[in-house]
Amino acid sequence: MIRPETLDGLLRLFPQLEHSEFRGQTRVVVPRELLPSVWQTLRDEFGFDLLIDVTCVDYLHYRKARHRFGLVYLLAATATNERLTLRCYLDEPDLAVPSAVPYWPGANWLEREVWDMFGITFTGHPDLRRILLPEAFTAHPLRKDYPLQGRGERHNFPVLTRAQG
Amino acid sequence: MTSPWIEGRFEENFLITTVEQAINWARQASIWPMTFGLACCAIEMMATGASRFDMDRFGAGAFRATPRQADLMIVAGTVTYKMASRVRRLYNLMPEPKFVIAMGACTVGGGPYFKWGYHVVKGVDLVVPVDVYVPGCPPRPEALLEGLMRIQDKIRGHRIAKRVTSSGDVEKVEDEVPVPHHSGYVAVEEKQPVFHHQKITG
């Protein structure tokens with residue numbers, strides 16, 4: 001849910017944003033260049049003080065999709081009980097996005113997970129390392145072009161023997 | 001009828017035993033497991049510790065939040081490659097004697113992730129030595145209790161004594177490896193004796 005005056009105020013400040021509504025949930029599509037200013041405005045002027053989640057969708061082989069990745073930010077305003085979804089579309093060669101850590105420190109591990117699974121780099125992130133997979137891992141396994149059988153990563157880990165145990 | 005050599009010659013409430021038996025009895029009745037849930041098997045482990053199944057009946061209800069105070073590591077759940085080094089480190093932090101139960105299909109041998117899982121260790125026995133394997137996905141709490149009793153068997157067979165060999169060296173007596181068994185009570189039908197010599201005549 002989002003109050004109409006919040007959405008109107010946001011669209012007055014950023015008239016180029018597309019928005020849509022589905023079952024009472026509002027989604028705003030933000031171009032990558034506008035992300036930091038939209039974050040700043042939403043946090044400081046509209047009270048969106050909580051970043052619920054940062055995640056990503058891979059639209060490879062998706063019908064009618066025009067972009068490869070859709071980066072999703074779920075925001076909440078705890079004082080007014082509003083929720084807003086930001087969507088930022090990215091395409092293959094340039095997958096760098098400004099980091100949301102300066103605005104919401106909780107974005108730190110969320111962006112690390114998106115980097116780990118989808119390989120999207122967050123510029124300005126304080127510590128962009130893999131969070132779930134081992135350091136030696138080379139691929140980003142939640143991408144749709146990652147084969148189900150793996151790319152042989154499981155054979156590349158150091159072999160542990162029962163004698164060493 | 002021969003009388004016992006030493007038993008029954010003392011006043012009442014006076015027991016005698018060997019140091020080995022006493023220590024083993026104390027150890028097997030106070031196995032403290034480490035709080036160590038990695039995935040869904042941990043739910044069954046919690047159920048085993050809770051009131052319905054009550055692991056504390058076997059002296060193993062004191063789940064410790066630190067490996068320094070734990071005797072038993074119940075590896076409950078999928079061990080990923082990232083977690084494997086932590087599992088090994090926690091095992092190294094535990095004081096001797098220490099025991100490991102591999103609980104669930106994932107820890108026994110990789111489980112459903114065995115063939116194509118790019119992130120799962122194919123059995124926790126590749127990382128730490130495992131004493132008892134409890135299969136299942138996840139195992140019932142009764143199965144985990146059975147595994148705990150097999151650990152107790154192993155402790156009971158532990159030998160503390162040392163013996164002097166013929167060459168004068170002192171060597172440790174090997175532990176008695178427990179024979180696997182099922183301790184469930186099976187009612188055996190009383191049969192009528194067939195032959196005269198089978199009758200119990202007292």
Next item on the list: Just one of (1) more than 14 Å from every other protein chain (Cβ to nearest Cβ); (2) of a type outside the set (S, T, Y); (3) under 14 Å from the mean Cα position of the chain (by Cα) trips up B:M73, so point out which.
Entry: (1)
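Conditions (1) outside any strand (DSSP E or B); (2) under 21 Å from A:I2 (Cα atoms); (3) under 11 Å from the mean Cα position of the chain (by Cα), marked per residue:
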{"residue": "A:H67", "(1), (2), (3)": "yes, no, no"}
{"residue": "A:G70", "(1), (2), (3)": "no, no, yes"}
{"residue": "A:L90", "(1), (2), (3)": "no, no, yes"}
{"residue": "A:E111", "(1), (2), (3)": "yes, no, yes"}
{"residue": "A:V114", "(1), (2), (3)": "yes, no, yes"}
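For (1) in contact (Cβ under 8 Å) with a residue 40 or more places away in the chain; (2) open to solvent by less than 40 Å² (accessible area, probe 1.4 Å); (3) among the aliphatic types (A, V, I, L, M); (4) closer than 28 Å to B:I23 by Cα, each residue gets a yes or a no:
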position: B:E44; (1), (2), (3), (4): yes, no, no, no
position: B:N92; (1), (2), (3), (4): no, no, no, yes
position: B:P97; (1), (2), (3), (4): yes, yes, no, yes
position: B:C106; (1), (2), (3), (4): yes, yes, no, no
position: B:V120; (1), (2), (3), (4): yes, yes, yes, no
Note to self: Go through region A:102-116 and report how many residues are in contact with a strand residue (DSSP E or B) (Cβ under 8 Å, 6 or more places away or on another chain), without any contact (Cβ under 8 Å) to a residue 60 or more places away in the chain and open to solvent by less than 30 Å² (accessible area, probe 1.4 Å).
What the structure shows: 2
Check: Taking region A:38-65 on its own, how many of its residues are over 28 Å from A:P141 (Cβ atoms) and either without any contact (Cβ under 8 Å) to a residue 12 or more places away in the chain or open to solvent by less than 90 Å² (accessible area, probe 1.4 Å) (or both)?
Finding: 12
Notebook entry, point to check: Can you name every residue in region B:108-118 that is in contact (Cβ under 8 Å) with a residue 12 or more places away in the chain, within 11 Å of chain A (Cβ to nearest Cβ) and touching a helix residue (DSSP H, G or I) at 6+ places or on another chain (Cβ under 9 Å)?
Noted result: B:Y113
Item checked: Residue within region B:87-105 that is within 13 Å of another protein chain (Cβ to nearest Cβ) and β-branched (V, I, T) present -> yes
Next item on the list: Report yes if B:I16 is farther than 30 Å from B:P112 by Cα and either more than 14 Å from every other protein chain (Cβ to nearest Cβ) or touching a Leu at 6+ places or on another chain (Cβ under 8 Å) (or both), otherwise no.
Entry: yes
Note to self: I'm checking my understanding of the structure. Among residues of region B:28-63 that are touching a Phe, Trp or Tyr at 6+ places or on another chain (Cβ under 6 Å) and part of a loop (DSSP other than H, G, I, E, B), which one is farthest from B:G111 (Cα to Cα)?
What the structure shows: B:A62
Notebook entry, point to check: Pairs under 9 Å by beta carbon, first residue within 7 Å of chain A (Cβ to nearest Cβ) in region B:123-135, partner aromatic (F, W, Y), six or more apart or different chains?
Noted result: B:D125/B:Y133; B:V127/B:Y91; B:V128/B:Y91; B:P129/B:Y91
Next item on the list: Would you please name the residue that is surrounded by the most Cβ atoms within 10 Å (Cβ to Cβ), looking only at residues in region A:117-128 that are more than 14 Å from chain B (Cβ to nearest Cβ) and in contact (Cβ under 8 Å) with a residue 40 or more places away in the chain?
Entry: A:F118
Item checked: Residue check, A:R83 under 9 Å from the mean Cα position of the chain (by Cα) and farther than 20 Å from A:Y146 by Cα -> no
Item checked: region A:129-145, residues that are under 19 Å from the mean Cα position of the chain (by Cα) and either free of Cβ contacts under 8 Å to residues at least 24 places away in the same chain or within 9 Å of another protein chain (Cβ to nearest Cβ) (or both) -> A:R129, A:R130, A:I131, A:L132, A:L133, A:A139, A:P141
Item checked: Top-ranked residue in region A:20-37 [being more than 24 Å from A:D94 (Cα to Cα) and not hydroxyl-bearing (S, T, Y); ranked as surrounded by the fewest Cβ atoms within 10 Å (Cβ to Cβ)] -> A:R23
Check: A:V57 is checked against (1) modelled with pLDDT under 90; (2) over 20 Å from A:F14 (Cβ atoms) and fails just one. What number does that condition carry?
Finding: (1)
Item checked: Where a residue in region B:11-28 is under 9 Å from B:R156 (Cβ atoms) and open to solvent by 50 Å² or more (accessible area, probe 1.4 Å) and its partner, wherever it lies, is hydroxyl-bearing (S, T, Y) and at pLDDT 80 or above, with Cβ under 9 Å and at least six apart -> B:W25/B:T17
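The values are calculated or read from the model by the stated rules, or taken from the named source; none is laboratory data. Just so it is clear, the structure is predicted and the values come from calculations on it, not from any experiment. So basically every Cβ, Gly included, is an ideal-geometry build from the backbone, and we count neighbours across all protein chains shown. Remember, those area values only see protein heavy atoms, side chains included, never the ligands or the DNA or RNA. Shrake-Rupley method; radii C 1.70, N 1.55, O 1.52, S 1.80 Å.
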